[in-house]
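The block underneath contains the structure these notes are about, expressed in structure tokens.
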Amino acid sequence: MAKKNIKILGSGPTGSLLALNLASKDCNVILIEPLEEKDLLSKDKGYAITQSSRRIFEKFGLWELIEKSAYGFTTLSIMDQEISSSVIVRANDLKKLNDKQINLGWVIDHRDLMKILLDSINSNRYINKFKVDSTDDKTFDFVLAADGRDSSSRKKWKIRYFKKFYNQRCISFKAILKGAPQKRAYEIFRHEGPLALLPLKNCTYQVIWFSSIADTQQKLSLSDDELLNRLSLILPDKIIAEKVVGAISNYSVAKAFALPKLTNIRKLIIGDSAHSFHPVGGQGLNSCIRDVYEIGEILNNLENKSNLYRKFIHLNYFLKRSNDIISLIFFTDFLIKLFSNKIKVTYPLRNFIFYFLRKIKFIRSNVFSLMTDSIKRYKLDN
Ligand SMILES: Cc1cc2nc3c(=O)[nH]c(=O)nc-3n(C[C@H](O)[C@H](O)[C@H](O)COP(=O)(O)OP(=O)(O)OC[C@H]3O[C@@H](n4cnc5c(N)ncnc54)[C@H](O)[C@@H]3O)c2cc1C
């Protein structure tokens, strides 16, 4: 059986994982990435990893390495500071398919994740990396673009893309926080936007702090000490913010969705280049990992599939992924609309939601399972 020739544009987390997945499935991969490896590693970010991603990494044979670098958390505290309500989700709220897990989820530093992926790519003889693309698209069976939110491939291929920015922005940085219960992550809803605290090693947390565009701008002008003082004022559980570690980045946030182009049979966009939603709930990279898994499944054993199937691969992929993506866009949007305000008429519903999440394990477990297992359960038993 002839190996398929695949070109992947972009070696962020999505493109790198895609290259590794396809190289393990009878593909020769050309990976194009304009950035140097040190620049690819240098982003100061942390990602929440869910159970669905853990299962996919296990299937790809990468979990052992990732688990060593990731920090597992056993409880997640979800709070609504406006109505002073909260609920704690624990590992025993996980569904049966995760019953051996002691962790609810994990947090991994961008650098550690990329190091694992790039080291595996560098030792894989089926992947060749280039900084500049001097190849002809026609010589490839598929060209897959994972070139991020501002994808130039999406524009070049004239793919329809719907995008709407939120009137929130966030700053993201690592900080030493003292006084929090061990292995606890936080999602705190505030009227200005959510605040996420993702635990990493040694009392270090990835802080992802949303507020209005003007307020974010103002926060960026503060000294580290002023920023930490402001953060300490709103931190729960008597947590104290002690030190900023590394750089402070800021991001705009948008909900966005690309439609497949019927004439682009052999060109697909995946990961952030194809979709975007509010980072509340930490789903961004996890959805990209599910994209990678589905592409691998679709391209695997293509020879044994019908002509019709092969002709409409891009539609097939779109149908497989659209449920998950559209629900995430709506779900995260609903969370932001309901919880990022001081509108008193929303308070009874918010109280009601927290009451039922606290009191009824069945509801807590099902709602949380949507975020951690995704709509499609990815049991992945061999
Ligand atoms: C504040 C914030 C917090 C987040 N928190 C979480 C979280 O907790 N959990 C989570 O799962 N997700 C989170 N996300 C989302 C996550 O960061 C993204 O989903 C993820 O980085 C997307 O990876 P990607 O590889 O698709 O895109 P990118 O990381 O943007 O990578 C794209 C790559 O393509 C390259 N490139 C660009 N143009 C070209 C070209 N023409 N040719 C070739 N290559 C090109 C770029 O150099 C880059 O390396 C968060 C996002 C934000 C903004």
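Along the Cα-to-Cβ line of Ser134, 7 Å from the Cα, sits a label point; which residues in the range 1-18 have backbone N less than 19 Å from it? Under cut-off, by backbone N: 7-10. Excluding residues fewer than 8 places away in the same chain, name every one of the aspartates and glutamates whose C-alpha is closer than 15 Å to that of Lys376. In chain and number order, the partners are Asp291, Glu294, Glu297, Asp324.
With the cut-off at 1.5 for a/c, could you classify the range 109-166 from its C-alpha gyration tensor as rounded, prolate or oblate?
Note, shape of the range 109-166 comes out oblate.
Determine the alpha carbon to alpha carbon distance for each of Lys243/Lys379; Lys164/Lys267; Lys183/Lys344; Lys164/Lys342 and list only those over 31 Å.
Details: Lys243/Lys379 41 Å; Lys164/Lys267 24 Å; Lys183/Lys344 33 Å; Lys164/Lys342 23 Å.
Check vs 31 Å cut-off fails for Lys243/Lys379; Lys183/Lys344.
Mean residue ellipticity, 222 nm, helices only, the chain: the sum of -39500 (n - 2.57) across DSSP H runs of n ≥ 4, divided by residue count and rounded to 500, is -11500 deg cm²/dmol.
Return the long-range amide H neighbours of Ile269 (sequence gap of 5 or more, or a different chain), with a cut-off of under 5 Å between placed amide H atoms. Under 5 Å from the amide H of Ile269 lie the amide H atoms of Ala145, each far enough along the sequence or on another chain. Binning the C-alpha pair distances of the chain at 10 Å intervals from 0 yields a P(r) profile of 5, 23, 33, 25, 12, 3, 0 %, listed from the shortest bin outward. Relative contact order for the range 1-136: 36 percent, from Cα pairs under 8 Å spaced at least 6 residues apart, divided by residue count. The string of couplings for the range 144-153 from the Karplus curve (6.51, -1.76, 1.60, θ = phi - 60°) is 10, 9, 10, 9, x, 4, 9, 2, 7, 5 Hz, one whole number per residue in order, with x for Gly and Pro.
Please go through the range 1-107 and write out the GluC sites (Glu not before Pro) that DSSP classes as loop and that have at most 11 other C-beta atoms within 10 Å. In loop regions of the range 1-107 (DSSP not H, G, I, E or B), the sparsely surrounded GluC sites (Glu not before Pro) are Glu36.
In order along the range 341-354, phi translates into HN-Hα couplings of 6, 10, 7, 5, 5, 7, 4, x, 5, 5, 4, 4, 4, 5 Hz, rounded to whole numbers, per the Karplus curve 6.51 cos²θ - 1.76 cosθ + 1.60 with θ = phi - 60° and x for Gly and Pro. Which angle between 0 and 90 degrees, to the nearest 10, do you get for helix 13-23 versus the longest principal axis of the chain when only C-alpha atoms count? The answer is roughly 40 degrees.
Taking a ≥ b ≥ c as the square roots of the eigenvalues of the alpha carbon gyration tensor, the range 260-382 is prolate, as a/c is not under 1.5 and a/b beats b/c.
Does the range 11-66 classify as rounded, prolate or oblate by the C-alpha gyration tensor (a ≥ b ≥ c root eigenvalues; a/c under 1.5 gives rounded; else a/b over b/c gives prolate, otherwise oblate)? Here the range 11-66 falls in the oblate category. When each of the peptides 364-374, 203-213, 302-312 is scored by how many other beta carbons lie within 10 Å of its residues on average, the order from highest to lowest is 203-213, 364-374, 302-312.
Across the chain, Cα pairs under 8 Å and at least six residues apart give a relative contact order of 23 percent. The share of Cα pairs per 10 Å bin across the range 89-228, counted from zero up to the longest distance, runs 8, 23, 27, 26, 14, 1 percent.
Listed values for the range 105-118 are Karplus-derived 3J(HN,Hα) couplings in whole Hz (6.51 cos²θ - 1.76 cosθ + 1.60, θ = phi - 60°), namely x, 9, 10, 10, 6, 3, 4, 5, 5, 5, 4, 4, 5, 5, and x replaces Gly and Pro.
The slack between Asn366 and Ala247, meaning 0.36 nm per residue of separation minus the straight C-alpha distance, is 39.2 nm. For Ile49, nonlocal amide neighbours, meaning residues 5 or more places apart or on other chains whose placed amide H falls under 5 Å from its own, are Trp106, Val107, Ile108. Note that the range 336-382 shows a convex hull volume over its alpha carbon atoms of 82 Å³ per residue. Each listed q (0.16, 0.24 Å⁻¹) maps to a log10 I(q)/I(0) for the range 158-213 from the Debye sum over equal C-alpha point scatterers, namely -0.57, -0.92. Where in the range 112-154 does the amide nitrogen come within less than 18 Å of the point 7 Å from the Cα of Ala254, taken along Cα to Cβ? Counting backbone N atoms under 18 Å from the label point, the list is 145-154.
The numbers here are math on the coordinates, done by the rules we state, and not lab data. Everything numeric here is computed off the predicted structure, so don't read it as measured data. For neighbour counting, all protein chains shown are included, and Cβ atoms are generated from backbone atoms with ideal geometry for every residue, glycine included.
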